[in-house]
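Encoded as structure tokens, the structure appears first; notes follow it.
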Protein chains: 2
Amino acid sequence: MTSPERPESAPVAARSGVRAARAAMSGRPAGSRPTSRDVASAAGVSQATVSLVLGDKWRGRVSERTAGLVREAARELGYRPNLAARSLRLGRTRTALLVVPAMTSEFFARVYAGAAKVAAEHGFGVVLYPSPEGIGPARDPFDSARTALDGVIASSMAAGALAPIRGSDLPLVMLDSDPGEPGPAAHVNLDIADGVRRLTEHLLGLGHRRFLHVAADVDSWTFVVRARAWADALAGVPGAELRTVRAALGVDSGREAAEQALRAPGPRPTALVCDDDFLAAGACKAAHRLGLRIPDDVSVTGFDGLTLATALEPELTTLALPAEQVGARGMAALLAVLEGRPPETGDLPVSLAVRGSTAAPRPA
Amino acid sequence: MTSPERPESAPVAARSGVRAARAAMSGRPAGSRPTSRDVASAAGVSQATVSLVLGDKWRGRVSERTAGLVREAARELGYRPNLAARSLRLGRTRTALLVVPAMTSEFFARVYAGAAKVAAEHGFGVVLYPSPEGIGPARDPFDSARTALDGVIASSMAAGALAPIRGSDLPLVMLDSDPGEPGPAAHVNLDIADGVRRLTEHLLGLGHRRFLHVAADVDSWTFVVRARAWADALAGVPGAELRTVRAALGVDSGREAAEQALRAPGPRPTALVCDDDFLAAGACKAAHRLGLRIPDDVSVTGFDGLTLATALEPELTTLALPAEQVGARGMAALLAVLEGRPPETGDLPVSLAVRGSTAAPRPA
DNA sequence: CGTCGGAAGTTATACGTAACACCTAGGGAG
DNA sequence: CTCCCTAGGTGTTACGTATAACTTCCGACG
């Protein structure tokens, strides 16, 4: 039964293009978008046929000519499928949730960009978990997640923060997180150890032996790995010495921590290896305050390879992480899981960017 | 009619808590989430009543006791409304689209954060238009927008880029854009002119007279305003001279442009006023290359007030824009428009952050 | 004593899509 | 001549929600 104000417009009018299209829409409230039924009556076919054609499932079920008519009618009317209706029908939303500690960090913004790009190529969307700033326990993401979700990608989150996601039986992909953690359908990790090893070789080659690790004092897997990587890379190197000082994230606390360590008695470290580029910027400021020149008096290295690294003077030697690739691969893994395919494995390589902030230490 | 595998479970069992709740879900496919109908049969009421209670529209229509039963049943079952179904029914999605030139810019990430916060407080979500990097003409946002939308917030977009949105009859709020532009339901702008005036006074007070404006060579309203603001602020100041050099966005092109201008013959500018903090970082590098010290030989100012400004050595004097507030107010304006209220008007103030990169010029 | 009205629900429906099951005509095989 | 098969569709349903319209019960009032 059709409602009275939308009469069974005669399928006969099918071949007159825009006129028929307009006619099919007549009697509708003005602002409303055309539905598949409008397309159907404009093309002179049933709604089911429209759905088949536009859903690309018509091979052998609809004639080439009819399919053409349908597509043209859809174009004329500017038809867009109602995603709410589609999601309701299918029980899937083609939407993934990306959970990151802080979107205002360039790193995670780039992860998002990578994930969104791959998602878009597959007709998927990415929504963000609107988390408060800072790495920390997240509130229940499903209280605020706007859309029903097909899956979740979580980047560098503290282990405990994801409990609510765990309980939701959604496919979960974890980025840059403990690969031993059970539960996630896939992991995407970086070969941090290899990068740190190469960075260490670079510094050792320049003659550095006394290292100060400015470590991020944050409960995140990635920083655990970084700390371990430095320890491992320097273990067994004759004469090498590694001290560690912890600092909260941010330029200021990096400066404070480095300044305090540089003022400490005893032989001064010649290489300040920092857990991210912001901490490294802080370390540079600390050195500056103490009248030390970079890289002549002290070398500084960053981590992540953000824009900041090349904005500083001198530019930072840093380990550049392929943030977009991390996001892209995370999304690809999620798509694979959703389609029942095995996700790609293997760690992503990081690249060593040698710049002006490292040089041979002056002979004492 | 109920489907055979979901029998009309007797409303009698209503008072036995979890057991009844579980019973109401029996016979359902395992992974599926409970629906309002499951809550209804667990509470021993009809689905309509559940909808009334949880939708907070039950005053005078449902007894206090029944409402309590319904809420408890919903809690027991972990019921979440199906947003797709709700959107389909209501024709509204409680979702806004935020269109920004580039999410990897800290400024726009902060705009997003501000908008998302206000949105969340009102049960709204924010999705991003997955735009390619860089300010430029966007593709049709509705091809890729995942969700049906209730409105659009566009920040600092080139005028032409929004044509498809214009055609969509969705409420549009524009941030930091030409207020003369007709169409948008609301504008949120910054009092750039005032900020530049104060920054100019600061520099004039220090004794600067020769200004070099490192201008962003980008077709965006915000940079048009900035250029005009410098010209206006210095117009009529005796002895003041304003030169302009254009540069693409980014540290490197800022450095190149500034370097070239500083090498030019004639009296050297003493103040490099830059269109954003990244260009300013480039200007600092340019000065460094020429052996000029900041702020002794030349002062440099930024724009935006990003983290970068305090990561540099010396820290940048800059105009700090309240990015979160811009986003928050944009979202608030959109909500107002959607509810038929008049949006708040009036420009947001910017604050002058005086730091180490500006000082009195040395007497020639 | 009739009935009016509010309180407390319930029944039924529509939103737009995808897909299953069904239908019809025409042609070829037996 | 009958039967069946295939191409090319159509009719119908369900997804989960919000809400308009209806029902029922009960107390009060004329």
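The values are calculated or read from the model by the stated rules, or taken from the named source; none is laboratory data. Bear in mind that the values here come from a model prediction, so they are computed numbers and not experimental data. Positions of Cβ are generated from backbone atoms using ideal geometry, with glycine treated the same way; all protein chains shown enter the neighbour counts. Quick note on the areas: whole protein, heavy atoms, side chains included, nothing else; ligands and nucleic acids left out. Shrake-Rupley method; radii C 1.70, N 1.55, O 1.52, S 1.80 Å.
With r as the distance between the Cβ atoms of A:Asp296 and A:Asp252 and R0 = 25 Å, compute the FRET efficiency 1/(1 + (r/R0)^6) and round to 0.05. That gives a FRET efficiency of 0.50. With a 1.4 angstrom probe, the accessible area lost at the B-A interface totals about 3400 Å². Normalised by residue count, the stretch B:215-279 yields a Cα convex hull volume of 80 Å³ per residue. Using a probe of 1.4 angstrom, how much of the accessible area of chain B is carbon and sulfur, in percent? That share works out to 52 percent. Between this copy and the others, label points of A:Gly346 are 6.0 nm apart in ascending order, each placed 7 angstrom from Cα in the Cβ direction.
Each copy carries a label point for A:Ser32 at 7 Å from Cα along the beta-carbon vector; from one copy to the others these points are 2.8 nm apart, nearest first. Between B:Asp169 and A:Ala163, the C-beta separation translates, for a Förster distance of 35 Å, into a calculated FRET efficiency of about 0.25.
Shown here: the protein assembly as shown, whose C-alpha atoms stretch 89, 66, 58 Å along the first, second and third principal axes, sorted largest to smallest. Averaging Cα coordinates gives a centre for the stretch B:193-236 and one for the stretch B:294-364; these two points are 13 Å apart. Partners of B:Lys285 within straight-line reach, counting lysines whose Cα lies under 17 Å from its Cα and excluding those fewer than 8 residues away in the same chain: A:Lys285. Computed over protein heavy atoms with a 1.4 Å probe, the accessible surface of the protein assembly as shown works out to 45 Å² per residue. Available extension along the chain between B:Asp219 and B:Ala235 is 3.4 nm, counting 0.36 nm per residue and deducting the alpha carbon span. Using 14 Å as the cut-off for backbone N distance, which residues of the stretch B:191-233 belong to the label zone defined by a point 7 Å from the Cα of B:Asp347 along Cα→Cβ? Flagged as within label range: B:191-200, B:222-233. Straight-distance candidates among the aspartates and glutamates for linking to B:Lys117, with alpha-carbon spacing under 14 Å and chain neighbours fewer than 8 residues away dropped: A:Glu133, A:Asp143, B:Glu324.
Relative to the other identical copies, A:Gly239 shows label-point distances of 5.9 nm, where the label point lies 7 Å from Cα along the Cβ direction and values run shortest first.
Among the residues of the stretch A:97-119, those with an accessible-area drop of 40 Å² or more from chain alone to full protein complex, heavy atoms and 1.4 Å probe, are A:Met103, A:Thr104, A:Tyr112.
Helix content alone sets the calculated 222 nm mean residue ellipticity of the protein assembly as shown: runs of n ≥ 4 DSSP H residues at -39500 (n - 2.57) each, divided across all residues, give -12000 deg cm²/dmol.
Per residue, the convex hull spanned by the Cα atoms of chain A measures out at 177 cubic angstrom.
Remark on the stretch B:265-313: accessible area falls by at least 20 square angstrom from chain-alone to full-complex state for B:Phe278, B:Lys285, B:His288, B:Thr307, B:Leu308, B:Thr310, B:Ala311, B:Leu312, B:Glu313, probe 1.4 angstrom. Size descriptor for the stretch B:192-323, Kirkwood hydrodynamic radius: 14.3 Å (Cα pairs only, one decimal). Using amide H atoms built 1.01 Å from N in the peptide plane, name the residues 5+ places from B:Thr244, or on other chains, whose amide H lies under 5 Å from its own. The answer is B:His213. If the chain linking A:Arg86 and A:Glu201 were pulled fully straight, counting 0.36 nm for each residue of separation and taking away their Cα-Cα distance, it would gain 35.9 nm.
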